[in-house]
Amino acid sequence: MRRTRFHLSVVEWTVCLPKVSPPQNAPKVGLFKPRLVKTDRRAGNSRPSADDAKARDALNSVASVNIALEGRGDTLLKRDTSESIRAVMLTECAAGRAGPVAFERAFKLASCVMDGTLATGLWKMMETYNVTRTKYCYDSIIQCSERHPARAHAFFKEMKTHGMRPDVTTYNNLMLVFCRHSKALVFRLWDVMREEGIQCNARTYRQLLKVCDSMEEYLMVKAFMLKHNGKGAPMLSVTTLCGHAIRLSRSVEEAQTHFDKALALRGMTYVVSCAMMKTCTRFQDYRSFASAAMATPSEERTVMYYVAFLFCCEDFITAARQDRKPFQLYVKLAESSFSEALHANRATQPRLFTRMMCIYIITGDFRSASRVLKQQTDRGMAALPEQRRLLKEGRGRDLPREALEPLKV
């Protein structure tokens, strides 16, 4: 066995690559050539061969991969999916069946679960087995480098040196990376896109609106979108535009105007209601918060709606405790919303249990917090950071035994 170690900045990914003996009459290029050769990295050069199609089918046959698209919030599911993708690609590479198309499929699945470690490991694997890197692979590795903007920009420059021209997908992926780090870089990329004549799409405007922190910037992006796309027809829905307008409103009255507009145009979704609830929480307007929550239809009350509702209740409780005011009403609202999510089978993400636990912790109800923790672990969603916080806050108190049981898993 030949042991190859890839040292990454986040974690150390160690894989075992078996020695592969070249079959008889094998060409002395590509996989079995002792040194790396210059490969054609231009876009559009990824037509699948018969063996490459088999490797792609092997990826599709992984059971955990089939549900990866629906389980982005489940940490355990992400880990199992990543391990399955890595195992399949190692097997197919060792057998000489993995080509550019198979790696493109693997990168797509890595992008779905947003696993930068898996994407970097696939990138190193392509180097090891001398597989041609296509433009799609570069786009995917940039998207998966969300926590490392310098690395994403290095991949962007390397792609251009190999003669691949960035398109709107490449710039959108790079914007996604920079959204968490620098608003100025996002708007600079937008300027570069306009200078190069690249047409923006809905995802571009969505990234731009995400980094806007004032109503003036929001109106500038919206005016540009209305002017340059499809005879003035906006490329984003009324829901998205109203949601960002509510988020950037300078008063509850201004936010209520955009909220009423969404209701009148039948664009009332959980995005609008979540934005309105957070704005009311920012201005500590409880009546408008309750009105926005009740106006949300039951079919639009997704898990993200319940998470946002619990977030707002936690903020109201924190503010009431600081002002030494009663907060039991907000706890009852949070418990009612949490029970509704459980009965409607909307409790599909660990963040919902996390928020309810935090509400009980800041109010000093450690027994109820441990009960929520037990419900979470019974559903297969472990939350070790929340367990440690519960134990730390409950040190010296009468902590129930069920709070310690999940630590044994």
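From the list S84, S64, the lone residue that is farther than 24 Å from H181 by Cα, under 20 Å from the mean Cα position of the chain (by Cα) and modelled with pLDDT under 75 is S64. A count restricted to the range 95-105 and to residues that are assigned to a helix (DSSP H, G or I), open to solvent by 10 Å² or more (accessible area, probe 1.4 Å) and over 19 Å from A152 (Cβ atoms) stands at 3.
Quick check: is even one residue across the range 343-355 free of Cβ contacts under 8 Å to residues at least 24 places away in the same chain and part of a helix (DSSP H, G or I)? The answer is yes; a qualifying residue exists.
Every listed requirement among (1) under 23 Å from the mean Cα position of the chain (by Cα); (2) touching a residue at least 60 places away in the same chain (Cβ under 8 Å); (3) open to solvent by 10 Å² or more (accessible area, probe 1.4 Å) is met by L90 save one, (1). With respect to A320, is the statement that it is touching a residue at least 12 places away in the same chain (Cβ under 8 Å) and small (G, A, S) true? Spelling it out, it is not the case that A320 is touching a residue at least 12 places away in the same chain (Cβ under 8 Å) and small (G, A, S). Scanning the range 253-295 for residues that are open to solvent by less than 20 Å² (accessible area, probe 1.4 Å) and modelled with pLDDT under 85 gives a single hit, G267.
Count of the range 164-223 residues, restricted to those that are within 21 Å of R151 (Cβ to Cβ) and of a type in the set (S, T, N, Q), is 6.
The values are calculated or read from the model by the stated rules, or taken from the named source; none is laboratory data. Everything quoted here is computed from the prediction, not taken from an experiment. Counting neighbours? That spans all protein chains shown, and the Cβs are built from the backbone with ideal geometry, glycine included. The area values use the complete protein model at the heavy-atom level, side chains included, leaving out ligands, DNA and RNA. Shrake-Rupley method; radii C 1.70, N 1.55, O 1.52, S 1.80 Å.
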